[in-house]
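Right, one structure below, let's go through it.
Only the coordinates and a few stated rules stand behind these numbers; no lab work does. Computed from a predicted model, the values in this text were never measured in an experiment. Please note: Cβ atoms are built from the backbone with ideal geometry, for glycine as well, and neighbour counts cover all protein chains shown.
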Amino acid sequence: MAKTCLGIDIGREQLKLVLMKGETIQKSVSVQMPDGLFRDGRIVSVESTGELIRQTMKEHKIHCRDAAVVIPYAAGYLRNITMPKMTPEQMMYNLPYEFRDYISDELKKYAFDYIQYEKAEEENEILAMAVPLETLEDLRLATRKAGLRLRLAAPEVSACETLLYRYLLKHPDVDAEKEYGILDLGSNSSRLMIFRGYRHQVTRTVEQGMDRVEELLADHYHIDIHLAHAWLLSNHEDCVHSEVCQDAFSQISVEIMRALNFYQFSNPGSQLEDIWVCGSSMATESMKERLRENVDVNIRDAVEILEGMQGNGKTDLNSVCFQAVGIGLNHNVTLKSKCINLAMAGVEKKHYALAVPALLVIVAGAGAIGKFAVADRLIEVSRQQSAVSSLQQQVDAANAYIESLGDLQDTYAHYSYQGFTMDEAGYMNRPEVMQLLQDVVFPKVKAGSWSLEGGQLTLPVTGATLEDINQLAQELNAQDLVEYCTVTTAATDNMEGQAEAVTGQITIYLKTILPDDLQQILGGTDNETNES
């Protein structure tokens, strides 16, 4: 039964997903990557990348468990090396030393793997790769976040080798030692990978990609770089065929021509005739036209290599997902040699053979202990948990009641000692003032009204004689609550038909007596408070 695998190619501009079943493409999806999520061959946010993969799978109804991921070219180091014949163990031991001139960091922070090509009896030609363990861990976490198991992690060269291997099997009349080129038109750079048969020979990087076209387009039309990117993807107003874009394509094609000429100069016997182009832009066709003008080889579309891989005939083949197809196919197609696979590099192997007996002993011991000691404890724990739950319900009910009171707590808290200001602390206790009026003032005179402002009580009074009012003032001065009392006015009126009456106004200055605890809060004594 054919295996199902999801090929994943994470790029700076686009995320490519291809669902493979055996050698058949079931679904292919390409979505835009958020800005800054992938930079310099590294995933910036593992959580966001995993969520993007999971959401894309959900939207396009992709159901799969196993994943194969392309390791970006910039994430590690790739070398073609010739080494003497040795065992795989010896090869893995010696392999890190082949990269010590390229890696400035500690070698133990990298994972190494290789694919071996037979060359002669006494030596091997191998393709070796070194990748930071941190990068591989990010890929594992991102796929796990998306609900996938990482089964294969290999460089883009391995994806291309698998597709070329299948292509040669499907075309037995083609020379197996013929040279082929695969040109990946990236966003910030382009890579020309050259193969002999399906075996990788060299990769030349051109430090110009489709970003250069967008920059020139933005400068020419005075628009934002993101808008220029959207214009290029949608070919807004046929901007792809504008003079500025055509000039940019020509510049890139000239750089690719130089890289190709350097390879041919370094390999005088080279007979490279065909270059397949894959890319992620609407400008790919125009780019191929410029290449045909500047490069003396056959420029072909990489879709030709994917011929015959359509599942139900409804899947549109395109070169955007070329490497995602190759990595997904790599999980199902076995090459003549061992494939590079760094999916589990840096993960400690679990020794299940030793774990099973130990697990049986633990289970048996746990059963014996549980029979005599655990059961009663579990019952007691359950009872205590029920009691805790009941108490928690009471606490929740009390908290709900307190919350239902709204702002009352804050309102009444203001009238505690801690909430008083010095002015508020000087306000008299109105019940005590009312008691003073009732016991001392009202038995002697009549008071139709009174006013209390701070510590000053003012009473317009009416008495039988002036002596009554003066005597009342003396009695008030003798009260503990009164600081002193003054009679501000007094008069005698003889009204026809009425008895003689005396009216006046008494001003009472009341004492401010603070409780001991309030004195401590306000930081003073009775005398200090009275002076203030």
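Quote the charge dipole size of the stretch 31-134 about the Cα centre in Debye, to the nearest 20; the model charges only the Cβ of Lys and Arg (+1) and of Asp and Glu (-1).
Rounded to the nearest 20 debye, it is 440 debye.
May I ask you to compute the full-extension gain from residue 479 to residue 23, defined as 0.36 nm times their residue separation minus their alpha-carbon distance, rounded to one decimal in nm?
Gain on extension, residue 479 to residue 23, equals 153.3 nm.
How many nm is it between the label spots at residue 173 and residue 451, if each spot is 7 Å from the Cα in line with the beta carbon?
Calculated label separation equals 11.9 nm.
Grab the Cα-Cα distance for residue 394 and residue 225, subtract it from 0.36 nm times how many residues apart they are, and report the gain in nm with one decimal.
Gain in length upon complete extension: 54.7 nm.
How do 253, 187, 270, 104 line up, fewest other C-beta atoms within 10 Å first?
In increasing order of surrounding Cβ atoms, one gets 104, 270, 187, 253.
Of all trypsin sites (Lys or Arg not before Pro) in the stretch 138-240, which ones are in loop regions per DSSP and have a Cβ with at most 16 other Cβ atoms within 10 Å?
Answer in residue order: 178.
Describe numerically, in nm with one decimal, the distance between label points set 7 Å from Cα along Cα→Cβ at residue 511 and at residue 244.
Between residue 511 and residue 244, the label points sit 9.2 nm apart.
What's the exposure ranking of 241, 331, going from fewest to most Cβ atoms within 10 Å?
241, 331
Modelling each spin label as a point 7 Å along the Cα-to-Cβ direction, I'd like the residue 31/residue 403 distance in nm, to one decimal.
3.7
What does the net charge come to around residue 187 if you take all other residues with beta carbon closer than 10 Å to its beta carbon, with K and R at +1 and D and E at -1?
-1
Exposure proxy check: 25, 225, 299 ranked by fewest other beta carbons within 10 Å?
Going from least to most buried by this count: 225, 299, 25.
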